[in-house]
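First up is the structure itself, then whatever we jot down about it.
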Amino acid sequence: MGTGSANGRTGSRYWRSKSAYLGVLPFLLFSGLFLLYPTWNVVSGAVQDNNGKFSTTVLSEVFNSPVARHAFANSLELSARTAIVGALLGGLFAWAIATGKPGGVFYKVSVALSSVLAQFGGVMLTFAFLATFGFNGLVSSLAVKFLPNTFLADSTWLYGMTGLSILYTFFQIPLMVLVFLPTLENLKPQWREASDALGGKAYEYWLRVGIPILTPSFVGGALLLFVNSFSAYATANTLINLSDFLTPLEIATALTSETGGSNPAEAKSLSMFMVIVVIIVMSLYALLRRKVSKWEQKR
Amino acid sequence: MKQSMGVRLWRWTIISFVALYLLVPLYAMFDFSTKPFGFADKGRTFRAWTMIASQPDLLAAISRSLITAAIVMALILFMIVPTAIWVHLKLPGLRRPFELLCLLPLAIPAIVIVVGIAPLYRWISINISESPITLAGVYSMLILPYTYRSLSAALDAVDIHTLAEAATTLGASISRVIFGIIMPTIKTGIVNGSFIAIALVLGEYTISNILNFKTFQVVIAQIGRQNGNVAVAVSLASLLFVIFLLLIIPTKKRQGAVLDVDVA
């Protein structure tokens with residue numbers, strides 16, 4: 001992907017010279033300072049102790065710590081759950097958008113709203129759900145009145161795995177819509193017509209044509225959602241006060257802890273494990289995208 | 001194609017379920033922000049909304065966030081875009097490494113960047129000054145993948161080599177070529193990139209909270225601890241503001257850029 005139309009053939013010899021490399025210097029310095037240095041800092045810091053000596057003690061300590069393992073498992077579980085539910089609901093919603101009138105009001109509103117709500121994580125999302133299901137919230141106060149014995153009337157479920165899953169899914173659905181809608185729109189109506197003309201039933205079309213074509217892009221979307229919620233910090237931080245519940249929360253605590261003194265080496269080791277997971281998932285995603293772009297023409 | 005009964009039923013079930021999921025919390029925010037609070041109120045009140053203007057912390061935070069967003073945009077316009085053009089024009093061999101560098105932030109969650117940047121940030125805050133510039137630097141790197149995607153799509157769509165050669169033949173200097181010729185032709189890509197930048201900076205919480213820099217989101221969270229109604233009113237107002245921004249930016253391809261999260 002990303003191969004340009006012009007590849008620097010015409011006249012490039014005229015342009016090319018050693019001094020041209022000076023042109024990228026400001027950017028290189030800048031990204032070195034704000035991107036490469038922090039990355040290096042984390043990677044190298046993960047194999048150092050707090051005094052800057054090489055050691056894998058902290059890394060293995062973190063790896064064997066039951067608290068860190070629990071947080072990591074929670075993070076993975078939360079990400080997997082919300083990625084799957086978000087991908088399913090978002091995918092179905094994208095299908096509902098794609099089957100509507102193209103360019104109609106519903107289409108435009110849904111896409112615009114999706115692009116806003118996909119970014120709507122963090123503090124404001126927490127407030128929205130507290131206003132809905134929290135103490136004295138819209139749904140919970142209705143539930144207190146009409147369904148006093150259900151879980152809705154008691155908002156403690158909001159401050160745990162269930163609540164976080166529901167909050168995260170809120171921004172996962174619109175993100176999935178944005179990622180998946182282009183693929184759905186690339187499904188040619190002619191394929192369906194061809195299938196119908198050859199006597200295929202609707203389910204046969206979906207089983208033999210639709211699903212095989214959509215699967216790589218659907219799985220790719222789900223992987224993207226996984227990373228999205230795996231890296232998320234703001235929502236969890238503003239909703240629950242348990243510093244060991246998820247890995248990002250644990251990292252923040254290790255970094256800024258006001259009680260026990262901060263422990264940057266622990267923060268770096270934890271970060272390292274996060275980065276490893278993200279890199280694995282993103283590589284899978286890149287592989288899938290390559291498969292998708294083989295047949296999907298560029299918009 | 002005419003839709004069968006079953007398809008339509010399915011479609012509307014999905015639409016209503018997702019719409020409920022997404023819209024009820026938004027309505028609940030409105031409901032919550034107009035709830036009476038304090039003893040003076042009887043029934044519904046817009047007091048929380050009118051109190052937004054009288055929060056000095058909040059106004060300071062908004063201007064701080066907007067300044068940060070402006071610096072990020074300046075960095076995009078005067079550093080990232082020219083570099084991208086430069087690489088396309090003069091250093092085709094660097095395109096792959098440049099792309100990799102731009103996509104690197106996708107592999108590094110914001111929380112990890114904070115861990116890496118915290119010592120540098122602390123050093124700068126102590127020895128130079130605590131300014132939004134450092135934060136803007138980090139943000140401009142965080143959004144690099146998105147900026148890069150919309151830029152490279154725009155650069156691939158135009159034959160900038162011919163443009164550059166024609167301009168140079170006619171006597172334009174290289175800065176004129178970049179800022180006067182090529183940048184206007186890829187305006188849409190730049191606007192797209194900048195829009196994402198603003199949205200991201202205004203919504204960013206992780207980095208600024210941990211670095212203890214009181215941006216918009218950090219202050220909203222703070223207000224939320226004292227007065228829920230006002231915080232909810234502010235959140236809803238800013239959400240409406242972002243939707244408004246999205247609607248007034250008059251580009252046809254805008255939607256495509258926000259969609260452009262695919263990398264490979």
Compute the helix-to-body angle for B:110-127: its Cα long axis versus the longest principal axis of chain B, expressed 0 to 90° and rounded to tens.
80 degrees
Taking A:282-289, A:262-269 and ranking on average Cβ neighbours within 10 Å, highest first, one gets A:262-269, A:282-289
Along chain B, longest interval not containing exposed chymotrypsin sites (Phe, Trp or Tyr not before Pro), exposed being DSSP loop plus at most 10 other Cβ atoms within 10 Å:
B:47-264
Within 10 Å of each candidate Cβ there may be at most 14 other Cβ atoms; applying that plus a DSSP loop requirement, which chymotrypsin sites (Phe, Trp or Tyr not before Pro) in segment A:110-148 survive?
A:Phe135
In segment B:43-102, the trypsin sites (Lys or Arg not before Pro) that fall in loop regions by DSSP, at most 13 other Cβ within 10 Å
B:Arg44
Would you work out the charge dipole size for the protein assembly as shown about its Cα centre, treating the Cβ of every Lys and Arg as +1 and the Cβ of every Asp and Glu as -1, and quote it to the nearest 20 debye?
1560 debye
Heads up, segment B:1-111 by the C-alpha gyration tensor (a ≥ b ≥ c square roots of eigenvalues; a/c under 1.5 rounded, else a/b over b/c prolate, else oblate) looks oblate
Of B:Trp86, B:Gly189, B:Thr134, farthest towards positive along the dipole that unit charges on Lys, Arg, Asp, Glu beta carbons give chain B
B:Gly189
Selection of trypsin sites (Lys or Arg not before Pro), segment A:45-110, meeting DSSP coil and at most 11 other Cβ within 10 Å
A:Lys53
Dipole-positive endmost among A:Leu255, A:Gly137, A:Leu225 within the protein assembly as shown (Cβ charges, Cα centre)
A:Leu225
Roughly speaking, what is the centre-to-centre gap between segment B:58-113 and segment A:219-244 when only Cα atoms are used, to the nearest Å?
23 Å
Please report the relative contact order for chain B, taking Cα pairs under 8 Å with a sequence separation of at least 6, and give it as a percent rounded to a whole number.
29 percent
Folded to 0 to 90 degrees: helix B:144-157 orientation relative to chain B principal axis, Cα:
50 degrees
Helix-only [θ]222 nm of the protein assembly as shown, DSSP H runs n ≥ 4, -39500 (n - 2.57) each, per residue, nearest 500
-22000 deg cm²/dmol
Nearest-ten-degree value, helix B:81-90 long axis tilted from longest Cα axis of chain B:
30 degrees
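Any read-out appearing in this document is the output of simple, stated calculations on the displayed coordinates, not a laboratory observation. All values reported here derive from a predicted model rather than from experimental measurement. Quick reminder, even Gly has a Cβ in these numbers, built from the backbone with ideal geometry, and neighbours come from all protein chains shown.
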